[in-house]
Structure formats: structure tokens, C-alpha cells
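Contents: one structure, followed by commentary.
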Amino acid sequence: MAKISFLLFAMALIAFLHAYEARHVAKFDEAAFVKDLHKAEAMIEEEVKAKRMSIQGLTSEVKTLSKSKVVLSELGTAHKKDMNLKPYEKKLKKISRVATLKKAPPAIAKKKKPVSIIQSILKDFGLNGGKN
């Protein structure tokens, strides 16, 4: 009987030890899971911010391009009707300046002046905005 009692005591002790270790491991895994969850949330937030900035940049480019399209179509109709093209020069210069600044960082813009499509069109029409 003493042997059975000792065996039952040893089995209970082993079961208690396994239960204690399992609970400890579960808490550790829970903490690791929460930590990984916070890291994942931070990464997702960074990606969302980057995507929003990209979308905002594309939206501003679309606005600039739509403005330039309208001005260029007005310029084309004015040229066909042999009207004065001077009023369009300032508009196209402004759009060209905005488009150039958005495309190239300020350091590159200082070193090299890129020739935009608008500047080449102005040069073709013989306006001052097309000079190099």
C-alpha cells in the first residue's frame, strides 16, 4: 500500500509540474503574441502612411496635369484662331514650374534644368517661356 501511495504521490507531483510549466509557457506565448501583434500593427500603420502619401502625390500630379491639359487645349484653339498667345504664357510658366518642382528634388533642380513638354511647346510657339 505504501508503494501505491508513493507512486500516486509521484504521479500527482509530475502532473502538477507539467501543469505549472504549461501555464508558464502559455503566459510567455501570450506575451510574445501581444508583442508580435504590436509590431505588426506598427508595420501596417507605416505602410498605410506611405500609401496615403503616395496617393496624395498622385492626386496632386493628376490635378496639375488636368490643369495643363485645359490650358494647352485653350492654347491650341487660340493658335488655330490666330489669337494673342501671351495670356497663356504666364499660365504655362506657372504649371511648368510646379511640374518641375514636383518631379525633381530641389538639389537636382538647381544643378540641372530639365526641359518639360510645356517649355518645348512654348519654344515651338516662339514665346519667352521656351528659352533655354
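Values as computed for the structure displayed
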quantity	calculated
Subset of segment 67-82 (residues that are modelled with pLDDT under 85, under 30 Å from the mean Cα position of the chain (by Cα) and either of a type outside the set (D, E, K, R) or within 12 Å of PHE125 (Cα to Cα) (or both))	SER68, VAL71, LEU72
Complete set of residues in segment 78-99 that are part of a helix (DSSP H, G or I) and either of a type in the set (D, E, K, R) or in contact (Cβ under 8 Å) with a residue 40 or more places away in the chain (or both)	HIS79, LYS80, LYS86, GLU89, LYS90, LYS91, LYS93, LYS94, ARG97
Scan of segment 1-21 for residues that are among the aliphatic types (A, V, I, L, M) and either loosely packed, with under 10 Cβ neighbours inside 10 Å or touching a strand residue (DSSP E or B) at 6+ places or on another chain (Cβ under 7 Å) (or both), ordered by number	MET1, ALA2, ILE4
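The values are calculated or read from the model by the stated rules, or taken from the named source; none is laboratory data. All values reported here derive from a predicted model rather than from experimental measurement. Glycine gets a Cβ as well: all are built from the backbone with ideal geometry, and neighbour counts include every protein chain shown.
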